[in-house]
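Chemist: Quick one: structure below, then a few questions.
The values are calculated or read from the model by the stated rules, or taken from the named source; none is laboratory data. Note that the coordinates shown come from a computational prediction; the quantities given were computed from them, not determined experimentally. Here the Cβ is made from the backbone with ideal geometry for all residues, glycine too, and neighbour counts use every protein chain on show. Calculation scope for accessible area: heavy atoms of the full protein, side chains included, ligands and nucleic acids excluded. Shrake-Rupley method; radii C 1.70, N 1.55, O 1.52, S 1.80 Å.
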Amino acid sequence: MSGNNTCYVIADFGGPRSLAEVRPFLIELLTDKDVIRTRMPQWLHNIVFRSIAKKRASKVSRDYKEMGGKSPIYANTEAVASQLQDQLSSPVLTFHRYLSETHSGFIRKIQSNNYERLVVFPMFPQFTYATTGSIAGWFSKHLLKKVVNKIRWIKSYPTHP
C-alpha cells in the first residue's frame, strides 16, 4: 500500500469528542444536504435542521454521557490511522467530516506538502452520497484543485484488495 510521496487519508464522520461538541456536531451533520436531501432551499434547510439538531442535542448528549461523554468514532479513526502509520512508510492523516474544529489543521497538512498521490480510505463499507459523497464534496469545495486532482478513492473497502 505504500508508494513514492503518497499520503493516505482515513476519512470518517468524526463524532463528538465531548458533550460540548454534541450540538455543533449534530448541526453540521443535519444541515449537510448530502446527508438529508430535501427540496428546500439551503437557507430553509439550514433553519429547519438546525432547529432539529438543537432539540436532539439534549437527548443525544444524555446518550453520550452514558457512553463516557463522547463518541468512540473519533478515537477509533485516530487509532486506525496510527496503526497504519506504524506499517507504512508514507504519512497517514485523518479527516473528520463533521468536526469542523479539525478542518483547518487537515487542510494545512494536506496542502503544505507536495504529495504526488492522496489515497482516501473512507471508513464506510460502500459509497453513498450521504457518507463518502459528502466527504468528496467537502474536499472539492475546500481543497485546492491541484490537491483534489491527486486523490484516489478506495470506494468499497470490503472488495478492495
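Chemist: From Ser18, Ser61, Ser51, Ser89, which residue is under 30 Å from His160 (Cα atoms) and of a type in the set (S, T, N, Q)?
Modeler: On inspection, the qualifying residue turns out to be Ser89.
Chemist: Within the bounds of the stretch 145-157, is there any residue that is of a type in the set (D, E, K, R), at pLDDT below 95 and either open to solvent by less than 20 Å² (accessible area, probe 1.4 Å) or in a loop (DSSP other than H, G, I, E, B) (or both)?
Modeler: There is at least one residue in the stretch 145-157 that is of a type in the set (D, E, K, R), at pLDDT below 95 and either open to solvent by less than 20 Å² (accessible area, probe 1.4 Å) or in a loop (DSSP other than H, G, I, E, B) (or both).
This table checks each residue for (1) open to solvent by less than 70 Å² (accessible area, probe 1.4 Å); (2) closer than 20 Å to Asp32 by Cβ; (3) not in a helix (DSSP H, G or I).
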position	(1), (2), (3)
Ser58	yes, no, no
Asp63	yes, no, no
Thr94	yes, yes, yes
Gly105	yes, no, no
Lys109	no, no, no
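Chemist: Within the group Asn113, Asn46, which residue is open to solvent by 30 Å² or more (accessible area, probe 1.4 Å), in contact (Cβ under 8 Å) with a residue 40 or more places away in the chain and either under 17 Å from Thr6 (Cα atoms) or more than 18 Å from the chain's Cα centre (by Cα) (or both)?
Modeler: One residue alone meets the criteria, Asn113.
Chemist: Ok, one more. Among the residues of the stretch 21-43 satisfying the criterion of being aliphatic (A, V, I, L, M), surrounded by 15 or more Cβ atoms within 10 Å (Cβ to Cβ) and closer than 20 Å to Tyr129 by Cα, which is nearest to the chain's Cα centre (by Cα)?
Modeler: Checked the stretch 21-43; the qualifying residue nearest to the chain's Cα centre (by Cα) is Leu29.
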